[in-house]
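Below you'll find the structure, written out as structure tokens, and then a few comments.
The values are calculated or read from the model by the stated rules, or taken from the named source; none is laboratory data. Treat the numbers as computed from the prediction; the structure is a model and nothing was measured. Reconstructed Cβ throughout: ideal geometry from the backbone, glycine too, with neighbour counts over all protein chains shown.
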Amino acid sequence: MQAKHDLEASHIALKVDDDEQMWDRLTGAFSASYLMDEGAEHFMHARGQGTPFSTIALRIDNYGDVEAKFGKDASGQLLGRLVKLVQGMLPAEDAMGRTGEALFRVLLPGTATEQAIAVAQRLRQRLDSARITHGAEAVPIRTSLGVAALGNDNVASAEELFKVALGRL
């Protein structure tokens, strides 16, 4: 009986660990490791089926300025609000994850190059017009976005595709 209880307890602990590895605690976006796994699966499926797959790299250019002026808590809030804005614009099949301090990746399965560019343009317009406040002061969001797409970019993996998108920031 004790062995069964220990097994159940370890299963529960494992599930909590898996959940924590799935999400970035600060922003609520997917974690880098989870997103890389998802990206690899989507990439392989798209390549095998001949369907579109794109990715967007998104960097908050003024993150360091916000952190220097308002502190770590305010810059963390900026990241969280940015994630909510972006996720609110994406369909359920797309995914966003945090891959660096102020760097994010958006997976766009089933999305061709032209559509991915249009998504990136809409994201940029929305983020550029968003005004987040800290106290009474408005904190603008300045971003750079890069797009890469399977079929348009000659790559062998999802990781390489993301590197291409990063190079286009």
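This table checks each residue for (1) without any contact (Cβ under 8 Å) to a residue 40 or more places away in the chain; (2) more than 21 Å from residue 103 (Cβ to Cβ); (3) among the basic types (Lys, Arg).
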site	(1), (2), (3)
127	no, no, no
131	yes, yes, yes
134	no, yes, no
139	no, no, no
142	no, no, yes
149	no, no, no
153	yes, no, no
158	no, no, no
165	no, no, no
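Within region 70-109, the set of residues being surrounded by 16 or more Cβ atoms within 10 Å (Cβ to Cβ) and in a strand (DSSP E or B) comprises 95, 96, 97, 98, 99, 103, 104, 105, 106, 107, 108, 109.
Screening residue 144 against (1) under 30 Å from residue 73 (Cα atoms); (2) buried (at least 16 other Cβ atoms within 10 Å of the Cβ) leaves a single unmet condition, (2). Across region 28-43, the qualifying residues are those that are among the small types (Gly, Ala, Ser) and free of Cβ contacts under 8 Å to residues at least 60 places away in the same chain, and the one among them that is surrounded by the fewest Cβ atoms within 10 Å (Cβ to Cβ) is 33.
Being part of a helix (DSSP H, G or I), aliphatic (A, V, I, L, M) and more than 20 Å from residue 24 (Cβ to Cβ) is a property that does not hold for residue 148.
Restricting to region 116-141, and then to whatever is part of a helix (DSSP H, G or I) and among the β-branched types (Val, Ile, Thr), can you tell me which residue is surrounded by the most Cβ atoms within 10 Å (Cβ to Cβ)? Steps first, answer last, please.
First pass over region 116-141, keeping only residues part of a helix (DSSP H, G or I): 116-129.
Still in the list and also among the β-branched types (Val, Ile, Thr): 117, 119.
Details: 117: 16, 119: 21.
By that ranking, first place goes to 119.
Beta carbons closer than 8 Å, at least 6 apart along the sequence or on distinct chains, never pair a first residue in region 46-58 that is without any contact (Cβ under 8 Å) to a residue 24 or more places away in the chain with a second that is among the aliphatic types (A, V, I, L, M) and not in a helix (DSSP H, G or I). For region 46-83, residues that are charged (D, E, K, R), modelled with pLDDT of 95 or more and over 19 Å from residue 166 (Cβ atoms) total 1.
Among residues that are exposed (fewer than 13 other Cβ atoms within 10 Å of the Cβ) and more than 29 Å from residue 136 (Cα to Cα), residue 48 is included. Among the residues of region 53-69, those identified as within 13 Å of residue 103 (Cβ to Cβ) and either of a type outside the set (A, V, I, L, M) or outside any strand (DSSP E or B) (or both) are 55, 59, 61, 63, 64.
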